[in-house]
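Taking it in order: structure first as structure tokens, then the write-up.
The values are calculated or read from the model by the stated rules, or taken from the named source; none is laboratory data. Please read all numbers here as calculations on a predicted model, not as lab measurements. Every residue, glycine among them, receives a Cβ derived from its backbone with ideal geometry; neighbour counts consider all protein chains shown. Just so you know, the surface numbers come from the protein's heavy atoms only, side chains and all, with ligands and any DNA or RNA stripped out. Shrake-Rupley method; radii C 1.70, N 1.55, O 1.52, S 1.80 Å.
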Amino acid sequence: MDRLKTGLTPSGAESYTPEELNALVAEYGWCAPVRILRELHTGRPDPLLEVMAPWRAQSSLRQRPVDGEVFAAVPSEELIDRFLQETDLRIVAEEGEPETEVRTAPELSDAEEVVSEELARIYLAQGLRDRAAAIYRKLSLLNPEKSVYFAELIAKTENNN
């Protein structure tokens, strides 16, 4: 079993016999790479591996070697030129997708501006009397039954200026 210390690689799975792999799994059952090697050699999934280490599904042992010559065949400058020569670079919505625009920020107009007595009090506490008076005026228009109350607050706010 000293062969385990030499390193585990996907290509090394073929160098083990099925008996050796079973012996390694029996001795090092907790070692997920050994179980992955046995999967690669036998072609049968190891159910215990998925339970004890589900993140190992993306193990580098399961990845096939990359042929570097494929990437070197086309120079990067040519790849960029090919991309830039494409005529239709638009992203088009697939059929069945909504046609409406997605809003990423709220759109408030002056009429929709958030106003409250609490906000006016906060402005007063901060010394922003003009803003507080403007809030009280909007509240007076929105609540005509309280217009006398808001008129008094506006007068107090403006007199303390």
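Points to keep in mind about this one:
- Projected label points at PHE83 and GLU101, each 7 Å from Cα along the beta carbon direction, are separated by 2.8 nanometres.
- Potential lengthening between LEU141 and VAL114 on full extension [0.36 nm per residue; Cα-Cα distance subtracted]: 8.3 nm
- Chain lengthening between ASN22 and ARG44 when straightened (0.36 nm per residue, less Cα-Cα): 6.6 nm
- Heavy atoms of LYS146 accessible to a 1.4 Å probe, total area in Å² rounded to 10: 80 Å²
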